[in-house]
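This report refers to the structure that appears directly beneath it.
The values are calculated or read from the model by the stated rules, or taken from the named source; none is laboratory data. From a predicted model like this one, the values you see are computed outputs, not experimental measurements. Cβ sites come from the backbone with ideal geometry, for glycine too, and all protein chains shown count toward neighbours. All accessible areas refer to the heavy atoms of the entire protein, side chains included, with ligands and DNA or RNA removed. Shrake-Rupley method; radii C 1.70, N 1.55, O 1.52, S 1.80 Å.
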Amino acid sequence: MKKKLASAIFIIVLFSLNLYSQYKTDSLINEISIVSTQSEKVNILIELCSEYLKTDYDEAVKYGKEALEISQEIKYRNGLKQSLFIYGKALTLKGEYEEAIKIFTEALVFKNDSAYHASILYQIGRSYFFLQEYEKSTKRLLKALKLQEDLNDTMQAKSFNIIGLNNMYLNQFEIAAKYYAKALRLEKLGNDKAGLSNTLTNFGILYRRMEKFDSSRFFYHEALEVAKKKNDLKRMANALNNIGLTYVYQKKAIKGTDYIKEALAIKEKLGDKNGIFRSYFNLGTIYIDLKKYDLAKYYLKKCLKIQPDSRINWEVYTLLADIDSATGDYLAAFNNFKEFHRLQTNRYNALKAKQFNELQIQYETEKKEEAIILLQKENDLATIKILKSKNQKIFLSLILILVILVIIIIWYLYSLRKKSNEILKQKNDDLTKLNNYKNKFFSIIAHDLKNPLSAFQNVTGVLLESYDSYDEKTIKKYLEKLYISSGNVGEMLNNLLHWSLNQMEGIKFESEPIQLKNAIEKAVSIFSLNLESKEITVQQNIKSTIYVNSDSIILSTVIRNLVSNAIKFSNKNGVIYIKAEEDKNEVVISVEDTGIGISQEDINKLFDISYDTKAIGNSPEKGTGLGLILTKELLEKNNGKIWAMSNLGKGSKFYFTMPKANLKKEIAA
């Protein structure tokens, strides 16, 4: 009962306002015929245009244009200033943004009035936004903002909002969110409920585009509550429609249509033809997806009834043709396709007319340029005649040109030789590097692989000969040594294999999102016996929400090598710390031990194959150094890097980076 009463009151108020608006416009039209001066007529036309902005955009454009033409004719400066603004605004509301930009650009001459100048720049930026020229829009709005901030203008929030929208449609989502937040702060300070509702809606669209539908709906519901408190029916309808669309995007179309229909009911009360058309169109497309063709056809036909001259009716006829084809009504499909073709032809002709006008302007410009070139040629001919009479100067000029040419040729030959020397030097450096790789490879095979295998053979020989004389504890001790030794050999062989294949480009990597915590836990578990043997504790501080973009082989190999090194160079009862921090586009992972440490001089040699890393440090467990070189090369293939920090006697800390994985994106307008 209360809802019906509120609706009735709203309709009465709306009707009264319409009557008052009609009375005022009729009164102003009557005044035009009795004014004594053209300047007075301009003032009334501007007021008429302003009134019609609320009800009839065509009429607003008509009176705004007339006011501008008379102002230009009688050189009425104040009338020109006001009519340029109001006429441009009428054009934007009608959707004629290109023409509006031309009008607003003319208004930029009134630079002395900062507030007016800021408003014009804002309108130009807003028009470029609707033309989807987002960078141009942002450029104008930033200029407007500078003036608005100096004036402490409340329009700042609107400028922030459109700049946010521009960045959103350019997929700069974080920047968009920052500008929306600025707008939101100003609107809360100024208690601007309408602006607050718009900004909350923009946040909702941002998260919808990022496919974060729950966050999107949260902001839409917030916008709805603000609109309800202000009894702003238009924004209530907008919020309800947006909530419905989020459900549609989540394949929950039935729930979505309930919200869209609720929004439609409000738009019908308001008589908002554009809004009603869009709701009908949305419902039509949703019911096509649900294969409820009768309902789809019903709403699409209502689109044509409410706005028979809409610029997007060709889309409606396309959908109707698709429905008729799907239901087997091919005659109706053909008729709808004919209408689509007619509208497309009209659009094509309009586009061609526009292109023709542009070509005509270009032709006239080129004619002027040709006239300038012709004049220039005449001047050149006169100059040539003068030069011909001065043979001596010409002769000297030729000699000068020859000298310059000789200098250029000499410089070219010198540059060519220098470049050849640089290429030769690069080839020599490459050969030296390859030779180092070869020496490293044979060094590992000849020495580093031979020694652990010999030790392995000796221990097994001792066990075999004296097995019966050893107690169980001693045998277990020898077996642990064998296990660790075999693990070291296996690790060395694995690194050797990966490094060799990497040098020959034999490994093919495929990046994918990987949960970092899980990958590290797997890698560390391999060394459980080694850790137990040296009584070393591993402490991890990694969030389960961190994902990196990497090949699983690369990530596993890097972690294993760094953890293995940390164990080797740690003292008994030591601690290894593994941490990860998220940056904007990457994750920084660190592996820190409390072992013997490395000197700064030796740190610089760790990742260079030309140095003998066996000479670095004094741990009896140290290896070939190939693991760190392999780690560096693999990380570089994965767009990462590695570095180290250390204090002798206190331990070492190795850092490496991995690209951060962005699992799913979405945003709003």
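So the values come out like this:
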read-out: Computed label-point distance, nm, for sites LYS234 and ILE553 using a 7 Å Cα→Cβ extension; value: 6.2
read-out: Extension gain (nm, one decimal) between GLU636 and ASP214, 0.36 nm per residue minus Cα-Cα; value: 148.1 nm
read-out: In segment 243-304, chymotrypsin sites (Phe, Trp or Tyr not before Pro) in a DSSP loop with at most 12 other beta-carbon atoms within 10 Å; value: none
read-out: Within-13-Å neighbourhood charge of LYS252 [Cβ basis; K, R +1; D, E -1]; value: 0
read-out: Prolate/oblate/rounded call for segment 148-255, Cα gyration tensor, a/c under 1.5 rounded; value: oblate
read-out: Segment 557-613: trypsin sites (Lys or Arg not before Pro) in DSSP coil with no more than 13 other Cβ atoms inside 10 Å; value: LYS572, LYS584
read-out: Note, ³J(HN,Hα) from phi for segment 589-600, Karplus 6.51, -1.76, 1.60, rounded to Hz, x at Gly and Pro; value: 10, 10, 10, 10, 10, 10, x, 7, x, 9, 6, 4
read-out: Note, ³J(HN,Hα) from phi for segment 143-153, Karplus 6.51, -1.76, 1.60, rounded to Hz, x at Gly and Pro; value: 5, 4, 4, 4, 5, 4, 5, 5, 8, 6, 7
read-out: Long-range HN-HN contacts of ASP608 with modeled amide H, under 5 Å; value: none
read-out: Cα centroid of segment 281-301 to Cα centroid of segment 54-74, whole Å; value: 40
read-out: Gain on full stretching of the segment that runs from TYR298 to GLU69 - 0.36 nm per residue minus C-alpha separation; value: 77.9 nm
read-out: DSSP-loop GluC sites (Glu not before Pro) across segment 187-248, with at most 12 other Cβ within 10 angstrom; value: none
read-out: When each of LYS228/LYS269; LYS543/LYS632; LYS81/LYS193; LYS178/LYS234; LYS427/LYS605; LYS568/LYS660 is checked by Cα-Cα distance, pairs over 19 Å; value: LYS543/LYS632; LYS81/LYS193; LYS178/LYS234; LYS427/LYS605; LYS568/LYS660
read-out: With all protein chains modelled, accessible area of ILE34 [1.4 Å, Å²]; value: 130
read-out: Hz values of 3J(HN,Hα) by residue in segment 290-301 - Karplus curve (6.51, -1.76, 1.60), Gly and Pro given as x; value: 7, 6, 9, 5, 5, 5, 4, 5, 4, 6, 5, 5
read-out: Solvent-accessible area of MET155 with every protein chain in place, 1.4 Å probe, in Å² to the nearest 10; value: 50
read-out: For VAL587, residues with placed amide H under 5 Å, excluding near neighbours; value: MET658, LYS660
read-out: Normalised contact order of segment 134-199, rounded percent, pairs of Cα under 8 Å and 6 or more residues apart; value: 29
read-out: Residue-level accessible surface for GLU31, protein heavy atoms, 1.4 Å, Å²; value: 70
